[in-house]
Structures are given as structure tokens and as C-alpha cells.
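Q: Structure in C-alpha cells, see below.
The values are calculated or read from the model by the stated rules, or taken from the named source; none is laboratory data. What you see is a predicted model, and the numbers here were worked out from it, not measured in a lab. For neighbour counting, all protein chains shown are included, and Cβ atoms are generated from backbone atoms with ideal geometry for every residue, glycine included. Just so you know, the surface numbers come from the protein's heavy atoms only, side chains and all, with ligands and any DNA or RNA stripped out. Shrake-Rupley method; radii C 1.70, N 1.55, O 1.52, S 1.80 Å.
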Amino acid sequence: MKFLVGQIPGGTAVFFVSGDSAINLTEQDSSLGPDLLGVMTSGKTLDELQDISTRGRSVPVASLKPALPIASPGMTICLGLNYVDHVKEGGYEIPKYPVFFMRTQRSLMPAGAPMMRPACSEQLDYEAELMVVIGKAGKHITPEEALNHVFGYTIFNDGSVRDFQRKSHQWTSGKNFDATGAIGPFVVSKDALPEGAAGLKIESRVGDEILQSATTSDMMWSVASTISAVSEFAALCPGDLIAMGTPPGVGHAKTPPRWLRDGETIEVEIEGIGICANPVVNEVKL
Ligand code: MG
């Protein structure tokens with residue numbers, strides 16, 4: 001099943017997406033709540049959700065304004081350096097343990113919302129990424145059981161401000177500028193994708209200019225091994241998000257560097273999930 005959390009008057013609602021049409025599930029069953037966390041914790045099976053969707057009135061997907069799939073994730077954890085050729089283009093050593101960093105809530109925005117190009121830097125960069133949506137809680141999860149904890153997958157653009165990322169050994173500032181991490185618009189349940197979302201084409205582009213093009217099979221740490229590694233130190237809960245790192249072709253590794261510019265629209269596409277498109281807009285200093 002494919003879901004989209006969309007804006008409605010006074011809030012948000014969860015929509016079931018089929019082709020170019022969407023049906024408001026929250027309107028049919030208010031116990032599902034305004035975002036996917038409510039759906040996941042409702043105890044409803046996908047079959048039951050499908051059944052609920054048959055009662056609703058369909059609207060064009062294109063008429064919906066996306067919201068964050070999870071309004072307030074308890075944890076948004078990201079992998080850096082998870083594709084060999086991206087590690088090399090950045091001049092890093094191949095890591096022996098996953099490179100984890102966190103993203104704050106205010107650094108995130110939905111597909112379609114402006115990606116803010118900060119006033120203090122020219123170096124806003126894109127990063128196409130697969131994002132895992134956790135659906136079941138757990139700690140000390142083995143790789144073998146890890147995929148049982150996945151609800152589904154979405155798209156992430158890990159917008160990064162490179163000069164700030166490299167000011168110190170901690171990437172926190174460069175990875176947490178306000179409104180630089182785009183999520184969505186669709187979340188696809190895991191049953192509708194290959195196991196571990198492996199083998200999916202992943203691409204980023206501006207217009208006809210293809211910036212990154214790879215497959216999720218190139219990831220060094222799989223979804224299963226990453227969930228296991230995170231859960232060694234942190235309990236995972238429904239609604240937690242894990243960004244799986246980006247393939248080669250980021251702007252700072254191109255000659256000359258290819259920074260995002262005001263007025264462009266950056267798109268990330270993952271096969272079977274959709275396209276996350278965001279306009280790039282200069283920050284206005286107040
Ligand atoms: Mg990244």
C-alpha cells in the first residue's frame with residue numbers, strides 16, 4: 001500500500017494512494033489519527049486499511065499538499081558514508097562502523113515545501129536517500145528479525161550545508177539547517193517493495209540534469225544490519241525514521257561544485273516509491 005499524509009483544513013490526514021487517486025482514510029476512521037504514527041499504532045492490518053479505503057471518496061493525488069508522514073518522529077537518525085563511491089568522492093576512509101548522526105525536527109520539511117538555502121552559506125547540497133519508517137518497537141534487534149520492525153519506506157533528501165558540515169568532526173550544524181531535510185511524499189508499505197528495499201534505482205536531478213544515479217543495492221550497511229546496529233544503543237519505536245545514506249554524485253564532489261541555487265527544484269526519485277521534489281528558496285534574514 002502507498003500512503004500520503006496531506007494537509008487538510010485545520011490539520012492533516014492520512015490518504016491511501018492508488019495510481020493518481022487518493023482516499024482520505026482519517027475521514028473514514030478518525031481513530032487512525034492525522035499521520036502515519038496513528039495508523040501504525042491503530043493495530044489495523046493493511047487489509048483492514050484497504051477495506052476502509054473502499055468507503056472513501058477519491059481525490060486527485062496532485063490536488064494534495066503533502067505534510068510530514070510522521071508529524072513528530074521520536075528519532076530521525078541518519079547514516080553517512082554508506083555507499084563506497086560516495087565515501088571516496090568525499091575523501092573519507094571506508095568506515096568500520098556505521099557513521100550515525102541525528103537530524104532535529106526543525107531541519108525537516110515535507111516534499112513540496114521550500115528547501116531553505118541559508119543566508120550564511122553558498123554550499124547547500126542535495127543527497128538522495130532511502131528512508132526507513134519503523135513500525136514496531138524493539139531493542140537489541142538481530143539482523144534476522146530487523147525487517148519485522150519496518151513499516152515501510154519513503155524518500156529523503158538530506159540537504160547539507162557543506163562548509164558548516166566540515167567546520168568540525170561533528171556534522172551537526174551542516175546537517176541541521178532549518179528546512180533542509182525533505183521527506184516524502186509517499187510511504188510505501190514494505191510488502192510492496194523488495195526485501196529491505198534492495199535493488200531500487202535512486203536518482204536526484206534538477207530539471208533534465210541528472211545529479212546522482214545508483215541503486216540501493218550499493219549500500220554497505222543494509223536496512224536490516226542498520227536497524228540492528230541502531231537498536232544496540234537506542235530503543236526503536238514506531239514512527240522513528242532512519243535515513244540510509246546517499247550514493248555518489250553530490251554537488252561538493254563535482255568540478256566545479258554544483259551547489260543548489262535559488263529558484264531551482266531539486267527532485268529525488270526512488271523506483272517504486274515516487275518523487276520528492278522541493279523548490280530551493282533563499283533564506284530571508286529577518
Ligand atoms: Mg546523507
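Q: So if I check each of Lys88, Lys175, which one is buried (at least 23 other Cβ atoms within 10 Å of the Cβ) and either part of a loop (DSSP other than H, G, I, E, B) or among the basic types (Lys, Arg) (or both)?
A: Testing whether each residue is buried (at least 23 other Cβ atoms within 10 Å of the Cβ) and either part of a loop (DSSP other than H, G, I, E, B) or among the basic types (Lys, Arg) (or both) leaves just Lys175.
Q: In region 116-130, what residues are surrounded by 23 or more Cβ atoms within 10 Å (Cβ to Cβ) and either away from the ligand (no atom under 13 Å from the Cβ) or among the basic types (Lys, Arg) (or both)?
A: Within region 116-130, Arg117, Leu124 qualify.
Q: Cβ-Cβ below 6 Å, separation at least six or inter-chain, first residue in region 110-138 and more than 22 Å from Phe233 (Cβ to Cβ), second polar (S, T, N, Q) and away from the ligand (no atom under 16 Å from the Cβ): which pairs?
A: Short answer, once both residue conditions are applied: Arg117/Asn282.
Table: residues versus (1) surrounded by 21 or more Cβ atoms within 10 Å (Cβ to Cβ); (2) closer than 17 Å to Phe101 by Cβ.
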residue	(1), (2)
Ile210	no, no
Asp218	no, no
Ser222	no, no
Phe233	no, yes
Cys237	no, no
Leu241	yes, yes
Gly245	yes, yes
Lys254	no, no
Trp259	no, no
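Q: Within region 217-263, count every residue that is touching a residue at least 60 places away in the same chain (Cβ under 8 Å) and either part of a helix (DSSP H, G or I) or of a type in the set (Phe, Trp, Tyr) (or both).
A: Summing the residues that are touching a residue at least 60 places away in the same chain (Cβ under 8 Å) and either part of a helix (DSSP H, G or I) or of a type in the set (Phe, Trp, Tyr) (or both) in region 217-263 gives 16.
Q: So, one more: Give the residues of region 264-275 that are open to solvent by 40 Å² or more (accessible area, probe 1.4 Å) and assigned to a loop (DSSP other than H, G, I, E, B), sorted by residue number.
A: Glu271, Gly272, listed by residue number.
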